[in-house]
2 protein chains.
Amino acid sequence: MTNKIKAELIAGKLTEYEQLSKIYDDVIKQARPRLTVEGQGKILLALADEDHLSQRELATRLGMSPQSTSEFVYKLVKYNLVTLTKSPNDRRINLVNLTSAGREEIESAAQEVPPFIRVLSDTELDQLSSLLTKITTAMYTDIDAANSTLGIKLHKLFSSRYLKQFKK
Amino acid sequence: MTNKIKAELIAGKLTEYEQLSKIYDDVIKQARPRLTVEGQGKILLALADEDHLSQRELATRLGMSPQSTSEFVYKLVKYNLVTLTKSPNDRRINLVNLTSAGREEIESAAQEVPPFIRVLSDTELDQLSSLLTKITTAMYTDIDAANSTLGIKLHKLFSSRYLKQFKK
DNA sequence: CAATTTATTCAGGTGCCCTTACTATATATT
DNA sequence: AATATATAGTAAGGGCACCTGAATAAATTG
């Protein structure tokens, strides 16, 4: 098998994994909607990293339009997961603040280990970890090359989220 | 590091990969919308596996509602990627058929290897391949346990798609 | 043949995201 | 100070992927 074919195979398998993962979440886990890393979940994620950000700043960090940010923030306000306060320095600015319920929502979303991971041995877990790290590092590099600010922000976001356990 | 922590770490990394992957597609590849494995793309995928299916059958294989299926099929008709023909045996049935343009769309979507894969050595590709296979196999098992028909259909779909290169 | 099942469509809704205005508020320029 | 311009956010409307509930039309079945 040539390397090119092999790479294509992996690309396919990665895609398969991603697609399956969505279905898996639907079928197996009863994933709570606000805890995905989209829309409202994205906002919570960014606030978990740093609270009291302006909507503008959230939009920038998350790489989405301020209008969408506004929409999701508004929804989170409705669910009492965040509050809005006007910045005292600049009254144009709406600071977005996590409520205790919001903080709880994030906490409870802490790493749930999907059942399928059980099939990997300790050694395999190590291998996978190192491979994933290589891949994501390369992805960050590419994203960074295309849009340096976004790349950095995302990296920060994800590491604060997914490496949390080491900080404890 | 205990095995539990390790598993959590991997779970996090997998999530990170999935999230990054979305962003990566947006930022790096200028992914053609109809070729994703959602909505219209899902329909094309199923038709690539087997042409001339009824909408009902498509809905079942893809695990989505017949109404959604109808919507996406209709869109594909608008784009001239599929046509509809009434079944001669049962005039309630609309058979969905790929047009040559539709077939072309699928062909051209053939495995594009994302640039980040370049960072893996040959050995690492092999490792990753075997790990992913273990994971997806476990996922199929779990999905199957929850909903056996869906699991089987999906497996068929994905293998015909991603293992295509071996058949050639 | 009437009753029921089946395949599809219609209507309407949710969530995520975008673009194009438009409104405050701040800051810079004259 | 007065005006111009930049900035934070809102409003309105649209697209895409789904979903549910209710209609319709064509089987199938008793």
(request) Those residues that are touching an Asp or Glu at 6+ places or on another chain (Cβ under 8 Å) and modelled with pLDDT of 75 or more, I need them from the stretch A:1-35; list them, please. (result) A:6, A:11, A:18, A:21, A:24
(message) With among the polar types (S, T, N, Q) and either away from DNA strand C (no atom under 16 Å from the Cβ) or in contact with a strand residue (DSSP E or B) (Cβ under 7 Å, 6 or more places away or on another chain) (or both) as the only criterion, which of B:89, B:94 stands out?
(response) B:94
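Yes or no, residue by residue, for (1) without any contact (Cβ under 8 Å) to a residue 40 or more places away in the chain; (2) open to solvent by less than 20 Å² (accessible area, probe 1.4 Å); (3) hydroxyl-bearing (Ser, Thr, Tyr):
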{"site": "A:71", "(1), (2), (3)": "yes, no, no"}
{"site": "A:79", "(1), (2), (3)": "no, no, yes"}
{"site": "A:100", "(1), (2), (3)": "yes, no, yes"}
{"site": "A:137", "(1), (2), (3)": "yes, no, yes"}
(request) Can you give me the number of residues within the stretch A:82-102 that are in contact with a helix residue (DSSP H, G or I) (Cβ under 8 Å, 6 or more places away or on another chain) and assigned to a helix (DSSP H, G or I)? (result) 1
(request) Please name all residue pairs, on different chains or six or more residues apart, with Cβ atoms under 8 Å, provided the first residue is in the stretch B:47-61 and is open to solvent by less than 20 Å² (accessible area, probe 1.4 Å) and the second residue is assigned to a helix (DSSP H, G or I) and among the basic types (Lys, Arg). (result) B:53/B:61
(request) For residues that are within 10 Å of chain A (Cβ to nearest Cβ) and either modelled with pLDDT under 80 or open to solvent by 20 Å² or more (accessible area, probe 1.4 Å) (or both), tally how many sit in the stretch B:36-46. (result) 4
(request) Would you mind finding the one in B:141, B:123, B:149 that is in contact (Cβ under 8 Å) with a residue 60 or more places away in the chain, open to solvent by 60 Å² or more (accessible area, probe 1.4 Å) and part of a helix (DSSP H, G or I)? (result) B:149
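The values are calculated or read from the model by the stated rules, or taken from the named source; none is laboratory data. Remember, it's a predicted structure, so these values are computed and weren't measured experimentally. Because the Cβ atoms are built from the backbone with ideal geometry, glycine has one as well, and the counts that use them run over all protein chains shown. These area figures cover heavy atoms from the full protein model, side chains too; ligands, DNA and RNA do not enter into them. Shrake-Rupley method; radii C 1.70, N 1.55, O 1.52, S 1.80 Å.
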